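Below is one structure, written out as structure tokens; comments come after it.
Every number here is computed from the coordinates shown, using simple stated rules; none is lab data. Treat the numbers as computed from the prediction; the structure is a model and nothing was measured. Because the Cβ atoms are built from the backbone with ideal geometry, glycine has one as well, and the counts that use them run over all protein chains shown.
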Amino acid sequence: MTEQPMNLPYYLVYPESQIKPFWDNLAQNRFTSTKCPNCGVLWPPKSTCPQCGGKVAEWIELKGTGEIYAKTYVGASPPAFKDLLPYIIAIGKLDEGILVVARVENAKFEDLKIGTPIKIKIKKSFGLDSYVFIPA
Amino acid sequence: MRPVAVVGVGLTQWGKRNDVSLGELIVESAEHAFEDTKGLASKDIEALYVANAQSERFTEQAHPANLAAEFLGISPKVTSRIEMACASGGAAFRNAFFAIASGQANSALVSGVEKMCNVPSPEAMRNLCLVEDLTWESFHGMIPPSGFALIASRYMHEYGVTQEQLAKIAVKNHKNGAKNPIAQFRKEITIETVLESPMIAHPLNLYDCSPISDGSAAAILVPAKEARKYNDTPVDVIGSGQFMEPSLNCSNMQSLTTWRALVNAANNAYSMAKLKPKDMDLAETHDCFTIAELIECEDLGLCKKGEGPQLIDSGENEIGGRIPVNPSGGLKSKGHPVGATGVAQIAEITEQLRGECGPRQVDGAITGITQNLSGFATHHVVHILRRQN
Ligand SMILES: [Zn+2]
């Protein structure tokens with residue numbers, strides 16, 4: 001069995017989560033999130049907006065494209081990630097204006113700048129539906 | 001609200017403490033704090049706040065407030081264990097401040113403790129990762145150093161700072177910590193030590209990061225009016241502020257390089273104290289990583305936004321400079337037993353304002369500020385202390 005990075009995230013295990021559509025959509029190769037009527041697109045997806053506290057019910061398709069907002073190259077990690085070392089983590093600013101954290105694959109760290117175009121690639125991680133960034 | 005003062009502080013030796021249990025570690029700093037007062041003893045304590053982040057994970061012992069009460073032999077009527085990750089100590093001190101200020105208790109003990117070296121360091125790293133957002137950050141390989149490394153990359157882009165300048169913060173804090181008898185690392189280092197140490201998360205190397213530590217710290221608070229009965233040089237708590245982003249992760253922060261939660265916590269503390277940043281004689285800030293101290297100096301108003309690198313180059317943040325930062329050696333050199341850190345900041349400022357710090361004394365210090373953070377810099381606690389007239 002694949003070693004899990006932590007105990008399994010609640011959202012990934014229990015289907016009663018109110019953001020279950022995110023995982024269902026991801027399994028169908030669709031990258032989606034919720035949209036607050038007052039504050040716009042949210043990340044991570046939520047059924048309550050952390051900015052205004054309002055209820056959020058609308059799901060939207062994200063384009064999955066954007067640029068690097070912040071980046072790092074990780075040389076030390078907890079045991080579950082040791083086979084991936086060294087790896088790149090970025091905060092991507094997606095076209096919808098949200099900040100998303102993911103590893104960057106298929107790229108050299110030296111080639112990545114703040115502002116470098118990237119896109120979401122949906123793929124499994126630790127046996128679960130997940131996503132990474134790749135250069136656009 | 002009535003005014004509050006600190007009349008006793010105590011610290012244990014920090015570092016690897018395989019010689020004592022979690023409970024014994026709590027007792028050790030509390031005993032020093034009681035000895036620091038004129039005659040207060042555990043039986044006099046009406047309120048107890050225990051700052052501890054992860055005793056369950058690091059020592060397989062939950063419920064540390066009751067553990068503390070048993071080891072100290074006290075039965076407080078106002079009490080809680082405070083868990084706010086790395087800001088537990090500051091948050092616990094703030095709760096004790098309110099317990100005295102509100103009149104609910106006439107004496108309070110704050111005990112900050114963490115015993116982290118019981119587990120192998122990869123497991124300690126994993127435990128610390130639990131503070132990040134499990135689903136949206138940790139699952140992707142985020143670790144605390146990479147969070148602050150992302151912040152550093154953004155700061156480099158927006159304002160510009162070099163790895164050498166960041167290294168100077170570590171060099172300064174080791175220089176100060178070398179003069180602190182309880183510090184985990186009492187060894188001066190050079191810029192090369194930092195730049196040549198292993199990369200943890202670019203641009204942060206091992207020597208840009210605070211260590212894993214065992215240790216505890218304690219502080220005793222009473223109403224300011226009664227403080228002289230218990231200490232010849234009481235230190236008044238004149239400002240207290242706390243603020244939290246509506247976010248566990250970085251995605252809802254308005255800026256990675258201006259920490260809104262810190263600016264707000266600091267403004268609350270300054271306005272309560274009716275003082276300005278220029279009135280501070282010294283600061284103990286949360287240098288979990290070198291980049292953190294840089295941004296903290298700016299967001300506390302000790303220098304202008306974007307001018308942190310100049311503050312570092314000028315040496316004005318050294319003991320003897322305009323605004324000494326982390327004369328204790330900071331988390332970097334003194335160590336970072338998570339729950340104890342915020343309480344130890346209070347202890348350092350208290351001893352500095354009483355003029356008891358020997359070779360690391362900031363001459364003539366009357367007013368000092370502490371800043372303690374947790375998570376992705378999303379939660380901050382700030383206190384302002386002043387020597388009682
Ligand atoms: Zn909203």
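Quote the charge dipole size of the protein assembly as shown about the Cα centre in Debye, to the nearest 20; the model charges only the Cβ of Lys and Arg (+1) and of Asp and Glu (-1).
Result for the protein assembly as shown is approximately 760 debye, rounded to the nearest 20.
Gaussian network model of chain A, Cα springs within a sub-10 Å range: biggest mean-square fluctuation belongs to which of A:Ile91, A:Ile122, A:Ile114?
In this elastic network of chain A, the residue with the biggest mean-square fluctuation among A:Ile91, A:Ile122, A:Ile114 is A:Ile114.
Give a quick list of trypsin sites (Lys or Arg not before Pro) in the range B:202-286 that DSSP marks as loop, anything other than H, G, I, E or B, with at most 14 other Cβ atoms within 10 Å.
B:Lys274
Helix B:163-177 versus the longest principal axis of chain B: what is the Cα-based angle in degrees, 0 to 90, to the nearest 10?
For helix B:163-177, the angle is close to 30 degrees.
Using R₀ = 41 Å, calculate the FRET efficiency as 1/(1 + (r/R₀)^6) where r is the Cβ-Cβ separation of B:Lys305 and B:Ser75; round to 0.05.
It comes out at approximately 0.25.
Using a Gaussian network model of chain B with C-alpha springs under 10 Å, which one of B:His157, B:His63, B:His379 is most mobile by mean-square fluctuation?
B:His157
For chain B, modelled as a GNM with alpha-carbon contacts under 10 angstrom, which of B:Val194, B:Val20, B:Val343 fluctuates the most?
B:Val20
Between B:Glu123 and B:Thr258, what is the label-to-label distance in nm when each label sits 7 Å out along the Cα-to-Cβ direction?
Between B:Glu123 and B:Thr258, the label points sit 4.4 nm apart.
Per-residue mean of other chain beta-carbon atoms within 10 angstrom of the beta-carbon, peptide A:99-107?
Per residue, the number of nearby Cβ atoms from other chains is 4 on average.
Within chain B, which is the longest segment that contains none of the GluC sites (Glu not before Pro) sitting in a DSSP loop with at most 13 other Cβ atoms within 10 Å?
B:197-355
Would you mind checking the tilt of helix B:260-273 against the longest principal axis of the Cα atoms of chain B, expressed as 0 to 90 degrees and rounded to 10?
40 degrees
Quick one: helix B:88-101 against the long Cα principal axis of chain B, what's the angle to the nearest 10°, folded into 0 to 90?
It is inclined by approximately 40 degrees.
Less than 28 Å apart at the alpha-carbon level, and either on another chain or at least 8 residues along: which lysines does that give for B:Lys38?
Those lysines meeting the cut-off are B:Lys77, B:Lys179, B:Lys225, B:Lys229, B:Lys334.
Name the residues of the range B:130-160 whose amide N is less than 17 Å from a point 7 angstrom out from the Cα of A:Phe126 along the C-beta direction?
B:130-147
What does the C-alpha gyration tensor say about the overall shape of the protein assembly as shown? Classify as rounded when a/c is under 1.5, otherwise prolate if a/b is larger than b/c, or oblate. Walk me through the numbers before you get to the answer.
Values: a/c = 1.79, a/b = 1.57, b/c = 1.14.
In terms of gyration-tensor shape, prolate.
What net charge do the residues around B:Ile26 carry, taking every other residue with its C-beta under 11 Å from that of B:Ile26, with Lys and Arg at +1 and Asp and Glu at -1?
My count for the surroundings of B:Ile26 gives -4.
Residue by residue through the range B:22-39, what is 3J(HN,Hα) from phi via Karplus (6.51 cos²θ - 1.76 cosθ + 1.60, θ = phi - 60°)? Round to whole Hz and write x for glycine and proline.
Each residue's phi maps through the Karplus curve to give 4, x, 5, 5, 4, 4, 4, 6, 5, 4, 4, 5, 5, 4, 6, 8, 8, x Hz.
Cut-off under 28 Å on the C-alpha distance; same-chain residues fewer than 8 positions from A:Lys35 excluded. Which lysines are left, in chain and number order?
Reachable lysines: A:Lys20, A:Lys46, A:Lys55, A:Lys63, A:Lys71, A:Lys93, A:Lys119, A:Lys121, A:Lys123, A:Lys124.
Please name which of B:Ala108, B:Gly330, B:Gln242 has its Cα lying farthest along the dipole of the protein assembly as shown towards the positive end, using unit charges on Cβ (Lys, Arg +1; Asp, Glu -1) and the Cα centre as origin.
Of the listed residues, the answer is B:Gln242.
Taking +1 at the Cβ of each Lys and Arg and -1 at the Cβ of each Asp and Glu, which of B:Gln388, B:Ile220, B:Gly89 sits farthest along the dipole of the protein assembly as shown towards its positive end, judged by Cα position relative to the Cα centre?
Looking along the dipole axis, the top candidate is B:Gln388.
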